[in-house]
Amino acid sequence: MDEIFKKFEQIQIKNSNQKEEIHKIIENIEKINKSFQIILSKAHFKNHDKNEIVQKSKEFIPELKQHYKSLFETIPKEYHHKFYDSWKFTCSSTFFNILFLGWIENERVYLFSEIADILGLEIPEKENDLGIDVHIYLLSLFKFCSELARLCVNSVTAGNYEMPWKISLVVSEIYSRFKLLNTNNDVFGKKINSLKFDLKKIEEVVFDVHKLQTIQSLSQKITKKD
Amino acid sequence: MENIEGIFENYRTEFDEINNKRNRIDIARKDVTIFSKRLIFFLHRDMPNQNKFKEAQKKLEQIHQKIQIIADEISTDEECFWRYSFTISWGIEEYIEAVLFYYYLKDNKLKIKIRKKFKNNLIFPKDYLGGLADLTGELMRYSTDAVAHGDTQTPIKVLEAIQQIYSLFISLPRSAKVDMNKLSVMETSMKKIENICFKIQLAQEEFPKVILDETLPQIIPQKAKILTKKRKNNYDPQFKQSKEQKEQKESKEN
């Protein structure tokens, strides 16, 4: 009996040591994530400099690359899902940051493989190879869409009337793709529901802007006739 | 046995002292919260002018006196401060909200630093952050009121301030233990102002400014709409003049 309990104890100690190591790395990543997010949130300000935001936020990427490399060195490949809960959310928030940066820079949604390239992560080739999985990317997409809904409103206040059109195209496409998934009433199902409301908000903005533009063009025609 | 009785009598006096002190501090704290709430409502009530700030300054000094009572109670030693810090924090949060709001209206700028006015530092970082988070809700109400009066500039200024505060709050680590409810409330109030600014921008494109001032209260659905009718009597100079003229006419006819 004693031997068995000693073995248990050793396993426990080993586990907790591993967890501590992972937590240290994750804390570092989270710090970078947060300062990354502050700079990105400046995109909502009325007078923002787009180039400055892109330049400053790109400085974080090499650091992130290093930390992720060390994170997946400490977690052995077979045990990815053992510590899944501890790194899932931080990872999805970095994904979100890079998605948003991609939108500010190129007005385009980065695919999963592109983000993995930027961060230097390995994508599993077969289904059974568990690396970073698609689940995290999809989680970050939800947050990205709600942030775009905010950006839509703010870009109009800044005087950019084309942005809402682009955003509505992208988000409606993402929403229609999400409908292809079979979701039970789990986290995913709820998030898809909230995505619907974000889309509704964006459509309202687009409607308002479109209404304004048609009124303006009509009034111009009338004045020309006179 | 006599020894034990003596010890317990000592304990009793000690207990009573602590309880009495806590009661006195609690009463002062309640006063602080009530007065600072009143100050905030007072600042909301009218649009800012010089006389109003003088009166607000008086009210602020009243709060300072109450806080001085707490400071005097606590000033005896360090340990004492930590014992009662939990009871104070509610009042301090409210006080910070009121002070920051007052200075924001007075200088039209967000003033992050507060000058120390008391001997020992009564203000915790946690309470300060709580007060700052509550301030955003107050600013939101202020800007909606301002729009209802036809002032389209303030929401844009307020939005800038709130976005700055929000981006500061995002950066806090989890160990700071800020109330997550407050963060979400702050987010919703920020989104409200963003929506208002968006509507103003659209309306400004659509209408000339003269018409805008009249129609804005209808475009923005807020409770402030109901208040405007009451307020218009006091603020609209034309309305006031016409009212006075009417009264004069009536008196002449009579």
Checklist line | Residue with peak Gaussian network fluctuation, chain A [Cα springs, cutoff 10 Å], from A:Tyr79, A:Tyr110, A:Tyr175 | finding: A:Tyr79
Item checked: Length-normalised contact order of chain A in % [C-alpha pairs under 8 Å, at least 6 apart] -> 18 percent
Margin query: How shielded is A:100-109 by partner chains, expressed as the average number of their Cβ atoms within 10 Å of its Cβ atoms?
Written below: 0
Notebook entry, point to check: If you build a Gaussian network model of chain A, linking Cα atoms that sit under 10 Å apart, which residue out of A:Arg108, A:Arg150, A:Arg177 swings the most?
Noted result: A:Arg177
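In what sequence, highest mean first, do A:163-171, A:185-193, B:58-66 appear when ranked by Cβ atoms within 10 angstrom? Walk me through the intermediate numbers first.
Working: A:163-171: 19.3, A:185-193: 12.7, B:58-66: 15.8.
Put in order of decreasing packing, that is A:163-171, B:58-66, A:185-193.
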Checklist line | Unit charges on C-beta of K, R, D, E only; dipole of region B:1-113, Debye | finding: 1220 debye
Next item on the list: Rounded to whole Hz and in sequence order, give me ³J(HN,Hα) for region B:90-100 from the Karplus expression 6.51 cos²θ - 1.76 cosθ + 1.60, θ = phi - 60°, writing x for Gly and Pro.
Entry: 4, x, 5, 4, 5, 4, 5, 4, 5, 5, 5
Check: In vacuo Debye scattering of region A:176-226, one point per C-alpha: log10 I(q)/I(0) at q = 0.16, 0.23, 0.26, 0.29 Å⁻¹?
Finding: -0.61, -0.84, -0.93, -1.01
Checklist line | Threshold 10 Å², region A:147-177 residues less accessible with all protein chains present than alone (1.4 Å probe) | finding: A:Arg150, A:Val153, A:Asn154, A:Val156, A:Thr157, A:Tyr161
Next item on the list: Convert each backbone phi in region B:183-196 into a coupling constant with the Karplus relation 6.51 cos²θ - 1.76 cosθ + 1.60 (shift: θ = phi - 60°), then list the ³J(HN,Hα) values in order as whole Hz, x for Gly and Pro.
Entry: 4, 5, 5, 4, 4, 5, 5, 5, 5, 4, 5, 4, 4, 4
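Within a 10 angstrom radius of each residue's Cβ in A:39-46, how many Cβ atoms of other chains show up on average? Whole number is fine.
Values: counts 1, 2, 6, 3, 0, 6, 5, 6.
For this peptide, the per-residue mean of nearby foreign Cβ atoms is 4.
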Next item on the list: Have a look at A:Lys65, A:Lys200, A:Lys82 and tell me which one the Gaussian network model of chain A (Cα, springs below 10 Å) gives the largest fluctuation.
Entry: A:Lys82
Check: Using the Cβ atoms and a cut-off under 12 Å, what net charge is assigned to the surroundings of A:Lys196, where Lys and Arg are +1 and Asp and Glu are -1?
Finding: +3
Check: For the pair A:Lys34 and A:Ile11, how long in nm is the line joining their label points, each one 7 Å along Cα→Cβ?
Finding: 3.6 nm
Check: When Cβ neighbours within 10 Å are restricted to other protein chains, what is their mean count per residue of peptide A:198-208?
Finding: 1
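The values are calculated or read from the model by the stated rules, or taken from the named source; none is laboratory data. As the structure is a prediction and not an experimental result, all values here were calculated from the model. In this analysis, Cβ positions are derived from the backbone assuming ideal geometry, glycine residues included, and neighbour counts consider all displayed protein chains. The protein model used for the area step is the full one, side chains on, heavy atoms only, and it has no ligands, DNA or RNA in it. Shrake-Rupley method; radii C 1.70, N 1.55, O 1.52, S 1.80 Å.
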